[in-house]
């Protein structure tokens, strides 16, 4: 793919199928974040459950600062789940009761 035509929100399928990695994959049923390093140093992110969906494109500097911040604990607030959060499996109290 011509790198000048790569843009934030573009369909990830236009970036091809080769080169995607799952560095943060875990026991989550296959739903994880996939990354691809682009030839110009930018990084593309996509949701593994929607590989043809939108790709978020970040510069090397943006990814570097994000990872440094995450390692320093700046994103730890994302690890707590609000009690009122519901999913297809029901609310937190419903899941605990099941």
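Values in this text are rule-based calculations from the coordinates and carry no lab data. Because the structure is a prediction, the values reported are computed rather than measured. Here the Cβ is made from the backbone with ideal geometry for all residues, glycine too, and neighbour counts use every protein chain on show.
The figures follow:
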| quantity | calculated |
| --- | --- |
| Cα-based shape type of region 19-73, given that a ≥ b ≥ c are square roots of the gyration tensor eigenvalues and the cut on a/c is 1.5 | oblate |
| Sites residue 50 and residue 80 - FRET efficiency at Förster radius 41 Å, r taken between beta-carbons, to 0.05 | 0.95 |
| By average C-beta atoms within 10 angstrom, highest first, the peptides 39-52, 6-19 | 39-52, 6-19 |
| Highest-first arrangement of 76-84, 60-68, where packing means the average Cβ count within 10 Å | 60-68, 76-84 |
